[in-house]
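Each reported figure results from applying straightforward, stated rules to the coordinates on display, with no laboratory input. Just so it is clear, the model here is predicted, and its values are computed rather than measured. Here the Cβ positions follow ideal geometry from the backbone for every residue, glycine too, while neighbour counts run over all protein chains shown.
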Amino acid sequence: MDFTNYSLDGKVFYFFWNRQLHFFFAQLSIRCLLTWGLETNSLSHRIALTYLLHKGLKTNSLFDRLALTYVLNRDHKKNSLFDRLARAYLVRRGLEKNSLFDTIARGFMHLLKRRRQTENFFDQMALMYLVRRCDDAVHKCLSVRGFSDVFDFAEVEGRKLIDRNLQRISKTPLAFETAKIAVSCRSIEAFHQENIDEFEYTAELGYWTGALERLRQLEKEKNFESD
């Protein structure tokens, strides 16, 4: 696609045009697993999620990892002294806003990206278990909720993409217009994809549709404020 005849903010355009959705699809898979998984109470499930947590964590502190592991695996129906101590520790460490879900998804993304190169036995075992269970969970989700649930979740994540990058796209009017062009192109590209799994097609289309809708909403709000 040739954009040489357009006045664009190059950095903003290629930020969206070259954006890969590996993390988003990892999030979607883990969401299905947690919601529709067949073994969510099993020891294997807990071990797999804990493994992903440690793959996705950016902290090297042993105590941080122990506290987060405890929070992931604790009985949420109880509120023991140890629960309160763990939460207080995480707050003091500035990890209270740490998203376990996103961290687990990040760990899964890392495994998926290296699945053909890794020789790590534990990575291979985790992948064998998680890919199979995620596939089962996706099929269960689609059979119960249909593709609309996938599209709705993807839309929300697409809107979040814009919100996370508001500073980037709001620096100048050109940057904002460039973002609209780039996201519009991605949504059109997603719509016209061929030879792609219907689940992935729905998710990617929903993602870029949500991003485009958020940009249009921001534009309306901006125009309303200027009137």
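A few notes on this one:
- Within the range 126-133, at least one residue is of a type in the set (A, V, I, L, M, F, W, C), loosely packed, with under 13 Cβ neighbours inside 10 Å and either out of contact with any helix residue (DSSP H, G or I) (no Cβ under 9 Å at 6 or more places or on another chain) or within 15 Å of Tyr207 (Cβ to Cβ) (or both).
- Filter pass, Ser170 being hydroxyl-bearing (Ser, Thr, Tyr) and under 14 Å from Leu218 (Cα atoms): yes
- All positions within the range 108-123 that are more than 24 Å from Thr35 (Cβ to Cβ) and either exposed (fewer than 13 other Cβ atoms within 10 Å of the Cβ) or of a type in the set (D, E, K, R) (or both): Arg114, Arg116, Gln117, Glu119, Asn120, Phe121, Phe122, Asp123
- When Ala190, Ala211 are screened for being part of a helix (DSSP H, G or I) and in contact with a Lys or Arg (Cβ under 8 Å, 6 or more places away or on another chain), only Ala211 passes.
- Output for the range 91-123, where each listed residue is of a type outside the set (D, E, K, R) and over 13 Å from Lys55 (Cα atoms): Val91, Gly94, Leu95, Asn98, Ser99, Gln117, Thr118, Phe121
- Evaluation of Leu95 against the conditions (1) in contact (Cβ under 8 Å) with a residue 40 or more places away in the chain; (2) within 24 Å of Glu157 (Cα to Cα) shows that the sole unmet condition is (1).
- Filter pass, Ala105 being within 20 Å of the chain's Cα centre (by Cα) and among the small types (Gly, Ala, Ser): yes
- Among the residues listed as Lys171, Lys222, the single one being assigned to a helix (DSSP H, G or I) and farther than 19 Å from Glu155 by Cα: Lys222
- Pairs linking a residue in the range 207-218 that is under 18 Å from Glu189 (Cα atoms) to a residue that is in a helix (DSSP H, G or I) and among the polar types (S, T, N, Q), with Cβ atoms under 7 Å and 6 or more positions apart or on different chains, are Trp208/Ser187; Thr209/Ser187; Leu212/Ser184; Leu212/Ser187.
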